[in-house]
There are 2 protein chains.
Amino acid sequence: MLQVWLEDGRTIIEGRVQVIVTRKEVAELAGVSEATVSRVFNGVGPMKEETKQRVLEAAKTLNYHPNAIAQNFARRRSGNLGVVLPYVPKVHLFSTYFFSEILSGIGAKVKEMGYDLLLLLRSPDEESDYIDMFRAQKVDACIILGATDTPRELEQLKALEEGGHPFCLVNQHFEGERFNEVDADHQKGSYLAVRHLLDKGCRRIAFLNGSPQFSSSGDRLEGYRQAMREAGLEPGDPGGSQPHLYYEGNYSRTSGYRAAARLFEHRYEIDAVFAANDRMAIGLMQGLRELGWEAGRDFAVVGYDNSDAARVTDPPLTSVAVPFYEMGSLAAERLLSSLNGEAPAAFQTKLDTELVVRQSCGKRS
Amino acid sequence: MLQVWLEDGRTIIEGRVQVIVTRKEVAELAGVSEATVSRVFNGVGPMKEETKQRVLEAAKTLNYHPNAIAQNFARRRSGNLGVVLPYVPKVHLFSTYFFSEILSGIGAKVKEMGYDLLLLLRSPDEESDYIDMFRAQKVDACIILGATDTPRELEQLKALEEGGHPFCLVNQHFEGERFNEVDADHQKGSYLAVRHLLDKGCRRIAFLNGSPQFSSSGDRLEGYRQAMREAGLEPGDPGGSQPHLYYEGNYSRTSGYRAAARLFEHRYEIDAVFAANDRMAIGLMQGLRELGWEAGRDFAVVGYDNSDAARVTDPPLTSVAVPFYEMGSLAAERLLSSLNGEAPAAFQTKLDTELVVRQSCGKRS
DNA sequence: TTGTAGGCGTTATCAG
DNA sequence: CTGATAACGCCTACAA
């Protein structure tokens, strides 16, 4: 930054004269000490109402605003909540819907609690990891989105934990660990989805799952299995006895589209598909349509996420709603209030999911 | 934050002992002064290779990381680039696609240039505006997304300018002002879209525009008009002589859906529609389908944005691609390098758009 | 109820 | 090439 400091406290930035007002000047004008100015602005300690007014007035006439950097420096904290987003291409795997909802939820709460939101976009290589953000003390805590259950990721999370850096995972569970987590009940969501198909009279229900490194994929499989077994049916399974009932994609639309071809070969053994997210469901519907098989007419489909996209497909897609906004908001709230010691340090929460019925399962029932 | 400082420099946070290593300790271990440690880490001034190595080694054994807050405090800057997002509900007007692309572009460049990204989600009320971020010196510059051409917004932007706070608008132009801007050539994009429809043999081309407070809406109207006039046709116009050829929505899918009913009344005077974004195009196609009018069969459609959604409609939607990622990246680059005085302070750039042809205009031609 | 003063971890300017 | 040292703007015991 091209700037010059003058002796009288003014600063020239880019040819413009900036007057940076500090506490000192407010104190002088109000005829009090600097400490008193701080007290007024932080609302601490007892003080005479008159003094307070005098300070506030002085601050107003001088247009004083406390310098956040100096405050944070003195308080030995950054005032930032970091939010880690996975490497960009993955955004196309998850829906952008997922991120914008969670981010909005986090953003609202963070502001409410007087923090700022630092966005950390991961790079593809990312040798230096998010722990550096803590080391440099740029963030006081962080929320990690799109974490995967891989050895590398787990190692990094453990390092964070050992370093005593507060963090929280959203929509991802690590079995056997006690990380802070805010998750949704994907097992129940999937159970509801499959029950709905069963209620519609479907019996031969295939499951198109997403990548197994996300815990929610496992949860969904569990819910699918449970519903099938309760109905006395043999569920599909990775490597199980019913290979025509289990398929796997990576949550992208393209992977759903590709699955269509495989699924089509078994079309006479299938009357419904439950897809682990809307994007795959949409790709699947497209692929099968091209092969002459129409969702809602030739087979029933249920998606997952209840994203905006579910409303715009033809036919509109029945889907499982996940409270992403609330998950973000809750994660931020828990994390930040634990920093203040206002809440227990550890938490693991699971929010409820529900089914939103549209027309992709046909009109029978 | 529940923490206690010990006399030996250690800190207890949430019951954990944190050792905060400072420059001082590195200096002691390396047997040099603190200033030398700084020089090594900032790579300034000449220094003996051996000294440098000694310092780096000491830093490594102590696991030293410079404290970013202290650095920024001393440098009198925040090291943050702020990104202002409009109030959440608007996210549903724009596509989330728009934001995730731009944000990714900004994020990549910001990291590359050694800054951090502070996300500023606007509140609905938002009495206190983004100028406070500058006053509190939380950001060194900011990028404003989703700005509207309204008196209130303009006033705020002028205040920023007068305060000497560097900012940049993306995808929004203010006629008569010299704000920093990175825009796309929406007039050309629209021209291409309409030319394509003309080339397909369409003559009676309606235009479904978005909210007029965005400059891009005006640009699109211009492009539409230009193409129509060049073809010797009378374009639709707000309040013009051809009311059946001009419609207005607010960029949401729902507004496109609603426009379908109005448009349907004029179906015998229309053989194509150019929609100002994909979401409205999709809503429109849905609405008209429900009325028995099929895109690609009964009429041609072109959308705008080339969002993910354009690929998943039926039929796939011909659309205008806008380089959102590049726009974000460029805005960040220009803004940040102007801070360093490495680039001229003011810039106004317009990036190119192009047409992506799919099947929504039928197969004739 | 208010003032004094030490400290936060750097940067950057001088000497040497 | 390196070492002192004065900021930077605010917080917060402790003293009055």
Number of the exception - A:LYS138 against (1) at the interface with chain B (Cβ under 8 Å from one of its Cβ atoms); (2) among the basic types (Lys, Arg); (3) crowded, with 20+ Cβ neighbours inside 10 Å; (4) within 21 Å of B:SER123 (Cα to Cα): (4)
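Filter the stretch A:1-27 down to the residues that are at pLDDT 60 or above, away from chain B (no Cβ under 11 Å) and under 30 Å from B:GLU161 (Cβ atoms) and list them by number. Steps first, answer last, please.
First, the residues of the stretch A:1-27 that are at pLDDT 60 or above: A:18-27.
Still in the list and also away from chain B (no Cβ under 11 Å): A:22-27.
A:THR22, A:ARG23, A:LYS24, A:GLU25, A:VAL26, listed by residue number.
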Residue match in the stretch B:214-225 (condition: surrounded by fewer than 19 Cβ atoms within 10 Å (Cβ to Cβ) and either in contact with a Phe, Trp or Tyr (Cβ under 7 Å, 6 or more places away or on another chain) or in contact (Cβ under 8 Å) with a residue 40 or more places away in the chain (or both)): no
Subset of the stretch A:60-79 (residues that are more than 12 Å from DNA strand C (Cβ to nearest atom) and at positive phi): A:ASN63, A:GLY79
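Can you tell me which of A:GLU50, A:GLU57, A:GLU34 is farther than 22 Å from B:ARG76 by Cβ and within 12 Å of DNA strand C (Cβ to nearest atom)? Spell out how you get there, then give the answer.
Numbers: A:GLU57 fails: within 12 Å of DNA strand C (Cβ to nearest atom); A:GLU34 fails: farther than 22 Å from B:ARG76 by Cβ.
Only one candidate qualifies: A:GLU50.
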Residues (farther than 30 Å from B:ALA309 by Cβ and polar (S, T, N, Q)) located in the stretch A:65-109: A:ASN67, A:GLN71, A:ASN72, A:SER78, A:ASN80
Residue tally, condition facing chain B (nearest Cβ under 10 Å) and closer than 30 Å to B:LEU317 by Cβ, over the stretch A:325-365: 1
Residue list for the stretch A:341-356, restricted to those being part of a loop (DSSP other than H, G, I, E, B), surrounded by 15 or more Cβ atoms within 10 Å (Cβ to Cβ) and more than 18 Å from the chain's Cα centre (by Cα): A:ALA345
Of residues in the stretch B:286-308 being without any contact (Cβ under 8 Å) to a residue 60 or more places away in the chain and within 23 Å of A:GLY256 (Cβ to Cβ), the one farthest from the other protein chains (Cβ to nearest Cβ): B:ASN306
Index of the failed condition, A:LEU169 passing every other in (1) of a type in the set (A, V, I, L, M); (2) in a helix (DSSP H, G or I); (3) under 30 Å from B:TYR87 (Cα atoms); (4) modelled with pLDDT of 95 or more: (2)
In the stretch B:79-106, residue nearest to B:ARG334 (Cα to Cα) [restricted to those that are among the polar types (S, T, N, Q) and at pLDDT below 95]: B:SER104
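Go through the stretch B:84-104 and count every residue that is among the β-branched types (Val, Ile, Thr), facing chain A (nearest Cβ under 8 Å) and touching a residue at least 24 places away in the same chain (Cβ under 8 Å). Steps first, please.
Going through the stretch B:84-104, the residues among the β-branched types (Val, Ile, Thr) turn out to be B:84, B:88, B:91, B:96, B:102.
Of the ones still in play, those that are also facing chain A (nearest Cβ under 8 Å) are B:88, B:91, B:96.
Still in the running and touching a residue at least 24 places away in the same chain (Cβ under 8 Å): B:88.
Looking only at that region, the number is 1.
Scan the stretch B:318-365 for residues that are among the polar types (S, T, N, Q) and over 20 Å from B:SER95 (Cβ atoms) and jot them down. Quick ask: steps written out before the conclusion?
Filtering the stretch B:318-365 down to residues among the polar types (S, T, N, Q) leaves B:318-319, B:329, B:337-338, B:340, B:348-349, B:353, B:359-360, B:365.
Hits for the stretch B:318-365 are B:SER337, B:SER338, B:ASN340, B:GLN348, B:THR349, B:GLN359, B:SER365.
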Residues of the stretch A:268-282 satisfying the condition of being touching a residue at least 40 places away in the same chain (Cβ under 8 Å) and not in a strand (DSSP E or B): A:GLU269, A:ILE270, A:ASP271, A:ALA276, A:ASN277, A:ASP278, A:ARG279, A:MET280, A:ALA281
Enumeration of residues in the stretch B:254-279 that are within 14 Å of chain A (Cβ to nearest Cβ) and under 13 Å from B:THR318 (Cα atoms): B:ALA275, B:ASN277, B:ASP278, B:ARG279
Selected residue (criterion: farthest from B:GLU222 (Cα to Cα)) from residues of the stretch B:147-164 that are touching a residue at least 24 places away in the same chain (Cβ under 8 Å) and surrounded by fewer than 22 Cβ atoms within 10 Å (Cβ to Cβ): B:GLY163
In the stretch A:107-134, the residues that are more than 9 Å from chain B (Cβ to nearest Cβ) and either closer than 13 Å to A:GLY328 by Cα or in a strand (DSSP E or B) (or both): A:LYS109
Criterion violated by B:ALA300 - all others in (1) out of contact with any strand residue (DSSP E or B) (no Cβ under 6 Å at 6 or more places or on another chain); (2) under 27 Å from A:ARG253 (Cα atoms) satisfied: (1)
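Taking the stretch A:309-324 only, how many residues are within 13 Å of another protein chain (Cβ to nearest Cβ), touching a strand residue (DSSP E or B) at 6+ places or on another chain (Cβ under 7 Å) and either surrounded by fewer than 24 Cβ atoms within 10 Å (Cβ to Cβ) or not in a helix (DSSP H, G or I) (or both)?
Looking only at the stretch A:309-324, we keep the residues that are within 13 Å of another protein chain (Cβ to nearest Cβ), and these are A:309-317, A:324.
Next cut, touching a strand residue (DSSP E or B) at 6+ places or on another chain (Cβ under 7 Å) only: A:310, A:315, A:317.
Going one step further and asking which of them are either surrounded by fewer than 24 Cβ atoms within 10 Å (Cβ to Cβ) or not in a helix (DSSP H, G or I) (or both), we end up with A:315, A:317.
Number of matching residues: 2.
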Test: residue in the stretch A:42-63 that is within 11 Å of chain B (Cβ to nearest Cβ) and acidic (Asp, Glu): no
Condition met for A:ARG135 (under 26 Å from A:ASN277 (Cβ atoms) and among the basic types (Lys, Arg)): no
Cβ pairs under 7 Å, 6+ apart, first in the stretch A:66-77 and within 7 Å of chain B (Cβ to nearest Cβ), second more than 6 Å from DNA strand D (Cβ to nearest atom) and among the β-branched types (Val, Ile, Thr): A:ILE69/B:ILE69; A:ASN72/B:ILE69; A:PHE73/B:ILE69
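For the stretch B:55-73, enumerate the residues that are assigned to a helix (DSSP H, G or I) and either modelled with pLDDT of 95 or more or buried (at least 18 other Cβ atoms within 10 Å of the Cβ) (or both). Walk me through it before giving the result.
Step one: list which residues in the stretch B:55-73 are assigned to a helix (DSSP H, G or I), which gives B:55-62, B:68-73.
B:VAL55, B:ALA58, B:ALA59, B:ALA68, B:ILE69, B:ALA70, B:GLN71, B:ASN72, B:PHE73 - these are the residues of the stretch B:55-73 that are assigned to a helix (DSSP H, G or I) and either modelled with pLDDT of 95 or more or buried (at least 18 other Cβ atoms within 10 Å of the Cβ) (or both).
Being more than 15 Å from the chain's Cα centre (by Cα), over 20 Å from B:GLY210 (Cα atoms) and at pLDDT below 95: is that true of B:GLU153 here?
On the way: more than 15 Å from the chain's Cα centre (by Cα): yes; over 20 Å from B:GLY210 (Cα atoms): no; at pLDDT below 95: yes.
Spelling it out, it is not the case that B:GLU153 is more than 15 Å from the chain's Cα centre (by Cα), over 20 Å from B:GLY210 (Cα atoms) and at pLDDT below 95.
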Long-range neighbours under 6 Å by Cβ, at least six apart or interchain, first residue closer than 14 Å to A:PRO166 by Cα within the stretch A:325-354, second charged (D, E, K, R) and not in a loop (DSSP other than H, G, I, E, B): A:ALA332/A:LYS109; A:GLU333/A:LYS109; A:PHE347/A:ARG334; A:GLN348/A:GLU181
Lone qualifier among B:SER33, B:SER78 - being small (Gly, Ala, Ser) and near DNA strand D (Cβ under 8 Å from one of its atoms): B:SER33
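For every residue, the table says whether it meets (1) surrounded by fewer than 24 Cβ atoms within 10 Å (Cβ to Cβ); (2) touching a Ser or Thr at 6+ places or on another chain (Cβ under 8 Å); (3) charged (D, E, K, R).
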site	(1), (2), (3)
B:GLU248	yes, yes, yes
B:SER255	yes, no, no
B:ALA261	yes, no, no
B:GLU265	yes, no, yes
B:TYR268	yes, no, no
B:ASP271	yes, no, yes
B:ALA275	no, no, no
B:GLY283	no, yes, no
Tally of residues being of a type in the set (S, T, N, Q) and in a helix (DSSP H, G or I) across the stretch A:141-166: 1
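Of everything in the stretch A:283-308 that's among the small types (Gly, Ala, Ser) and part of a strand (DSSP E or B), which residue is farthest from A:SER190 (Cα to Cα)?
Let us first name the residues in the stretch A:283-308 that are among the small types (Gly, Ala, Ser), namely A:283, A:287, A:292, A:295-296, A:300, A:303, A:307.
With part of a strand (DSSP E or B) added as a condition, the list becomes A:295, A:300, A:303.
On the way: A:ALA295: 19, A:ALA300: 15, A:GLY303: 9 Å.
Across the stretch A:283-308, the extreme among qualifying residues is A:ALA295.
The values are calculated or read from the model by the stated rules, or taken from the named source; none is laboratory data. Keep in mind it's a predicted model, so treat the numbers as computed, not measured. Glycine also receives a Cβ, built like all others from the backbone with ideal geometry; neighbour counts cover every protein chain displayed.
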